[in-house]
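Quick note: the coordinates plus some simple rules give every number you see, no bench work behind them. In this text, all values refer to a predicted model and were calculated from it rather than measured experimentally. All Cβ positions, even for glycine, are placed from backbone atoms using ideal geometry, and neighbour counts span all protein chains on display.
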């Protein structure tokens, strides 16, 4: 599902205009992004938790040349689904 499709479905379900739904989606994305940048987790009970973690430096291989390269350490975003979401999707 694309962002435009998500906005359309939210607008329909919530009885909002597409413009209002898009502002709400953008605000949600901005709040989650800012919170994760600040080192805070975002937990939506029943849905899941967005967290950040560190990925260690590791060795990789350039597929074109076969040369061994070092892939730098970096911060990554993780999502752990909540029980209600797992139950709903798995049902």
* Kindly indicate the residue of the stretch 38-62 that is touching a residue at least 12 places away in the same chain (Cβ under 8 Å) and under 13 Å from residue 79 (Cβ atoms) and also surrounded by the fewest Cβ atoms within 10 Å (Cβ to Cβ) among those meeting that condition. => 53
* Might you check whether a residue that is in a strand (DSSP E or B), surrounded by 13 or more Cβ atoms within 10 Å (Cβ to Cβ) and at negative phi occurs anywhere in the stretch 28-37? => no
* Considering only strands (runs of 3 or more DSSP E) fully contained in the stretch 47-91, which possess at least 1 residues that are closer than 15 Å to residue 32 by Cα? -> 48-55, 74-81
* Asked: From 66, 90, 48, 53, which residue is in contact with a strand residue (DSSP E or B) (Cβ under 8 Å, 6 or more places away or on another chain) and more than 19 Å from residue 10 (Cβ to Cβ)?
  -> 53
